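Written below as structure tokens is the structure these notes are about.
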Amino acid sequence: MAEHEWMNEIRALVGKEYGRVYAWDKVNAPMIRQWCEVMGVDAARYTAEGAVTAPPAMLQVWCMEGLTPNNYPPGSTTENPYEALGLMEAQGLASVVAVNSELTFGRDVREGERLYYTTRLDSISPEKTTALGTGFFVTLVMNFFSQKPEGDEEVGQLLFRVFKFRAANPVKKPDAAADKATAAAPAVAKRPMPGISDDTRFFWEGARAGKLLIQRCKGCGTLRHPPGPVCPSCHSFEWDTVEASGRGTVYSFVVMHYPEVPPFDHPNPIALVELEEGTRLISQLVGIKPGDVKIGQAVQVEFNSFNDGELVLPQFRPVAAIEGVTA
């Protein structure tokens with residue numbers, strides 16, 4: 001099948017280089033300490049007096065933009081390395097999935113260096129059709145450099161690949177007993193079913209029974225979620241379950257905007273809920289506007305059925321909403 005005509009314009013961009021995009025600040029110890037704290041890394045090995053270096057995995061951090069446009073040089077603010085992705089979105093390929101990146105490190109960067117990167121549109125795959133929809137894999141390569149009077153030096157590279165696609169819209173098979181309008185109407189997309197193993201079956205069976213079950217080690221009593229075959233604390237293979245109260249608080253959360261894949265509502269608030277028993281689990285929040293979600297908010301589990309009753313999910317609703325109080 002011949003490729004879309006509009007792809008010719010986009011494919012013509014393959015090989016194009018964009019940039020430079022400069023770091024807002026020089027490599028510095030305060031940023032290194034903060035990054036290490038957030039990532040759970042020992043900062044002392046990188047911030048020893050007189051020999052401050054940045055953790056290699058921070059390479060991309062130095063040139064990231066914040067709430068304002070990135071640090072483009074004067075006269076090149078319109079040079080957007082995501083030009084091809086924008087053109088695809090204009091053709092209806094607005095959904096994103098299968099994002100991956102590969103970092104390659106040339107050497108450690110040191111305090112006082114100022115970095116920048118350039119971007120090359122490396123490749124666009126042939127059109128791919130998946131269960132989610134039809135689209136293209138787009139690969140970008142960012143090369144990072146350190147500015148030096150004697151000549152800039154390449155210090156690392158980031159390969160970034162993303163699948164841009166148009167979401168599938170499944171249609172029901174015609175039902176002889178239904179009228180034509182109903183038969184031709186789009187089907188209500190189903191939620192994906194979880195992968196169930198011997199380690200997780202108890203959780204899903206509990207949900208169907210309206211119980212929030214948490215795995216408990218028989219050896220040391222440690223609660224763990226997600227479920228697993230062995231206790232991470234004492235390495236015992238023996239376990240049972242405890243029924244949680246379902247009460248907890250929002251420990252952290254994100255609001256998912258893309259990809260807009262049916263049947264999920266968007267924006268979609270997803271919370272890391274800390275149960276009053278002490279363990280945490282990830283779940284969708286319901287009964288609240290995404291902008292109203294707050295850290296520390298009290299929530300209560302409820303069990304909701306999907307896919308014509310085939311799937312029961314534990315979801316969490318703010319306690320204020322349950323009690324009829326405006327959040």
Provide a single number: the residues in the range 48-71 that are out of contact with any strand residue (DSSP E or B) (no Cβ under 6 Å at 6 or more places or on another chain), open to solvent by less than 50 Å² (accessible area, probe 1.4 Å) and more than 17 Å from Arg107 (Cβ to Cβ). 1
Looking only at residues in the range 279-309 that are acidic (Asp, Glu) and at pLDDT below 95, which one is most open to solvent (accessible area, probe 1.4 Å)? Asp308
So, Gly206, is that one outside any loop (DSSP other than H, G, I, E, B) and open to solvent by less than 50 Å² (accessible area, probe 1.4 Å) or not? yes
For the range 239-263, give me each residue that is part of a loop (DSSP other than H, G, I, E, B) and in contact (Cβ under 8 Å) with a residue 24 or more places away in the chain. Ala244, Ser245, Gly246, Tyr258, Pro259, Glu260, Val261, Pro262, Pro263
Could you check the range 1-59 and list, in sequence order, the residues that are among the small types (Gly, Ala, Ser), out of contact with any helix residue (DSSP H, G or I) (no Cβ under 8 Å at 6 or more places or on another chain) and in contact (Cβ under 8 Å) with a residue 60 or more places away in the chain? Gly15, Gly19, Ala29
Of the residues in the range 224-274, those that are more than 18 Å from the chain's Cα centre (by Cα), more than 21 Å from Val319 (Cα to Cα) and among the acidic types (Asp, Glu) come to Glu238, Asp240
Selection count, the range 266-278, where residues are surrounded by 19 or more Cβ atoms within 10 Å (Cβ to Cβ) and in contact (Cβ under 8 Å) with a residue 40 or more places away in the chain: 3
For the list (1) assigned to a loop (DSSP other than H, G, I, E, B); (2) of a type outside the set (Val, Ile, Thr); (3) touching a residue at least 24 places away in the same chain (Cβ under 8 Å); (4) loosely packed, with under 14 Cβ neighbours inside 10 Å, I need the number of the one condition that Cys220 fails. (3)
Would you mind listing the strands (runs of 3 or more DSSP E) fully within the range 80-174 where at least 2 residues are open to solvent by 70 Å² or more (accessible area, probe 1.4 Å) and at pLDDT below 95? 95-105, 153-167
Looking at the structure I just gave you, is Pro226 open to solvent by 40 Å² or more (accessible area, probe 1.4 Å), touching a residue at least 40 places away in the same chain (Cβ under 8 Å) and under 30 Å from Thr130 (Cβ atoms)? yes
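The values are calculated or read from the model by the stated rules, or taken from the named source; none is laboratory data. Values in this document were obtained by computation on a predicted structure and should not be read as measured data. Don't worry about glycine lacking a Cβ; one is built from the backbone with ideal geometry, like all the others, and counts go over all protein chains shown. Note: accessible area is taken over every heavy atom of the protein model, side chains too, but ligands, DNA and RNA are not part of it. Shrake-Rupley method; radii C 1.70, N 1.55, O 1.52, S 1.80 Å.
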